[in-house]
Amino acid sequence: MKVEAKLYRDARDDGMSEWFSRCYTAGDGLAMTEQKRLQSESDYTNGSYYRTSPDNGRTWGEWIPAEKGTAQVFGDHEREAPESDRSEMNFVLDSVHGNYVGLAMDRVYKNGHEAAYRAFWSSGEVGFSDHTYLLVRRPDGTSFSQLVKYEEGDDFDPDDPVAPGYFDRNKSYRGMNLVAEENGDLILLVCPPVRKCCEIAGLDVESVFPSAPDIMHGVMAVRAEWDGEKYRFTPSRPVVISDRLSSRGVDEATVAKLASGRILIVFRGSNVRSENWHTRIEPGAPGFKWYCFSDDGGLTFSEPAPWRFDDGEAVYSSASISYLFRGEKNGKLYWIGNVTDHRVSGNFPRWPLCIARVDETWGTLKKDTLTVIDTVRPEESRQVQLSNFSFWQNRETGKLELFVTKIGQFPDETVWKSEVWHYTVTLE
């Protein structure tokens, strides 16, 4: 695979980083939206703007502040609505029913995000709640968002945003992507708290994951079937991993359906040790990308295991995001993420950023296709994060394009001071 790289935005001097993404606005055509988010604190958007292009990015309109790009305030509480979650959305076309569907998430903060995060990182108190949504664009131009439910529970109520029927039910960090099957069904992932996963699966959480079970996640695959007005959801049996293997459980899971029919889930684990969360993982434990698979259509999954290349080598990788996706022009399955050596410590290193093809029978990574998109450069900090990427496939060229915001890039500077780079990958 051939990679081209160019600087897209210089680093700012005001303490803000810029995060860019692009997506097509419909299941066909060349109309695009580009989003720019501003960030100066972890896991929170400080400002959001968008602009549109009718011609695949050749020309652009003016930047417009996104009405729902920052948190909505409800008295003492805040909510980042699913409609603002454009930055990571991978829309897929349900060609049977004509729906263009994206995956998004909301986050509701009790007493505001600053208080919620302060309590979370200091004592493990969970002062916020995540929920997974589908964003559905119908063929007639109408659109709506739908809460993905795996249990009984209420919809969001702006008059009472922290009502227990919503705040404490159907909680989940969203998976990274959607798969559209030939019959029109969608396969997506939700990552509920470990305690909820154990409760549904009939497992003893104190044996599986006694450290921070209300903070860390398991994963369920959800089959979404269109009934003419909305999607109906069928969740799988939950998958959980012991905190002796991954101290932060399942995170940022991505899914694919292989040519063999097997459904593959790959997720981020962690070997970080924390006294606050009383983690049981041993010092020196390796850090991998983990995987599990289903051969019964996504009803049940294998036990999580370290993901491997087709030569048997483990995919050593820090606790960082990754994606599975299928080439729209060539139909081949790929994975993007950080591949390191065995010296993984928690979230680092987050370089190099790589792409490789996936074996369509078993779901292993094809070692001879592993290609480096970018890695740390001599002038950059070893703490640079080549993991904050968005991507899309160019409908005219068939090439993969990525934006990467290189936070932690400059030695002796704030972590947020970062350039934005644009990469073009010719898929093979």
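The values are calculated or read from the model by the stated rules, or taken from the named source; none is laboratory data. Note that this is a predicted model, so its numbers are computed, not measured. A quick note on method: Cβ atoms are made from the backbone with ideal geometry, for glycine too, and the neighbour counts reach across all protein chains shown. The area values use the complete protein model at the heavy-atom level, side chains included, leaving out ligands, DNA and RNA. Shrake-Rupley method; radii C 1.70, N 1.55, O 1.52, S 1.80 Å.
Using a simple spin-label model with pseudo-atoms 7 Å out from Cα toward Cβ, L299 and Q72 lie 3.9 nm apart.
Applying 1/(1 + (r/R0)^6) with r as the Cβ-Cβ distance of K367 and D43 and R0 = 22 angstrom yields a FRET efficiency of 0.05. The C-alpha atoms of the chain occupy a region whose extents along the principal axes are 55, 49, 48 Å, arranged from largest to smallest. A cut-off under 14 angstrom between Cβ atoms defines the neighbours of V384, and their net charge, with Lys, Arg +1 and Asp, Glu -1, is -1. For K110, a cut-off of 24 angstrom between C-alpha atoms picks up these lysines, skipping any fewer than 8 places away in its own chain: K68, K149, K171, K196.
The length gained by stretching the chain between D214 and D311 to full extension, at 0.36 nm per residue less their Cα-Cα distance, is 31.2 nm. Surface composition of the chain: carbon plus sulfur atoms hold 47% of the accessible area, using a 1.4 angstrom probe and ignoring ligands, DNA and RNA.
Rounded to the nearest 0.05, what FRET efficiency do E413 and E114 give with R0 = 22 Å and r taken as the Cβ-Cβ distance? Could you check? Computed FRET efficiency for E413 and E114 comes out at 0.40.
For I200, I187, the ranking by accessible surface with the largest value first comes to I200, I187, using a 1.4 Å probe. Distance from the Cα centroid of region 180-196 to that of region 71-123 is 17 Å (rounded to whole angstrom).
Straight Cα distances below 22 angstrom link K406 to the lysines K2, K6, K36, K289, K417, with same-chain residues fewer than 8 positions distant left out.
The separation of region 319-360 from region 258-277, counted between C-alpha centres, amounts to 12 Å. Dividing the summed -39500 (n - 2.57) terms of all DSSP H runs of n ≥ 4 by the residue count of the chain sets its mean residue ellipticity at 222 nm at -1500 deg cm²/dmol. For S318, the residues whose modelled amide H falls within less than 5 Å of its own, excluding neighbours fewer than 5 places apart on the same chain, are T340.
For region 136-181, the percent of C-alpha pairs falling in each 10 Å distance bin, counted from 0 to the bin holding the largest distance, reads 22, 40, 31, 7. For region 325-428, would you read off the P(r) tail past 16 Å as a percentage of all alpha carbon pairs? Result: 60 percent of Cα pairs exceed 16 Å.
Straight-distance candidates among the aspartates and glutamates for linking to K366, with alpha-carbon spacing under 20 Å and chain neighbours fewer than 8 residues away dropped: D310, D311, E313, E328, D341, D374, E428. The shape of region 21-146 comes out prolate: with a ≥ b ≥ c from the C-alpha gyration tensor, a/c is at least 1.5 and a/b beats b/c.
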